[in-house]
Amino acid sequence: MSDAGKSELETASLFSLKLLETALQKQESYLSALRQSAGSMLGSRMDKLLLAINTRSGRSDHLVNIAKFVILCCLVTLV
């Protein structure tokens, strides 16, 4: 992989993980505002969704897949 490709992969990975972190940090205020609104929308906590059963594999492996992604990206950047 070229240096430019590594840099783009690192940047995309970092932004993906920052987006996930921000969503987890802001979920409480979002769900609170959703409950207070008069709408009929239902919201789920992201941490619960990450621990839920993956419909493709039949296992609770969303966090495992994220961990594998982070480890793979770390290994790619070391090469």
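The values are calculated or read from the model by the stated rules, or taken from the named source; none is laboratory data. Model, not experiment: these values are computed from the prediction. Here the Cβ positions follow ideal geometry from the backbone for every residue, glycine too, while neighbour counts run over all protein chains shown.
Of the residues that sit in the range 58-79 and are exposed (fewer than 11 other Cβ atoms within 10 Å of the Cβ) and either of a type in the set (S, T, N, Q) or over 30 Å from K6 (Cβ atoms) (or both), which one is nearest to the chain's Cα centre (by Cα)?
Among residues in the range 58-79 that are exposed (fewer than 11 other Cβ atoms within 10 Å of the Cβ) and either of a type in the set (S, T, N, Q) or over 30 Å from K6 (Cβ atoms) (or both), the one nearest to the chain's Cα centre (by Cα) is R59.
Taking S32 as meeting all but one of (1) surrounded by 10 or more Cβ atoms within 10 Å (Cβ to Cβ); (2) in contact with a helix residue (DSSP H, G or I) (Cβ under 9 Å, 6 or more places away or on another chain), write down the number of the exception.
The number of the failed condition is (2).
Here are some residues: K26, K6, K18. Which one is of a type in the set (K, R) and either at positive phi or at pLDDT below 85 (or both)?
Values: K26 fails: either at positive phi or at pLDDT below 85 (or both); K18 fails: either at positive phi or at pLDDT below 85 (or both).
Answer to the selection: K6.
Please go through the range 29-45 and pick out each residue that is at pLDDT 80 or above and among the aliphatic types (A, V, I, L, M).
L31, A33, L34
How many of the residues making up the range 1-58 are touching a residue at least 12 places away in the same chain (Cβ under 8 Å), within 17 Å of F69 (Cα to Cα) and among the acidic types (D, E)?
1
Among the residues of the range 33-57, write down those that are within 13 Å of the chain's Cα centre (by Cα) and not in a loop (DSSP other than H, G, I, E, B).
M46, D47, K48, L49, L50
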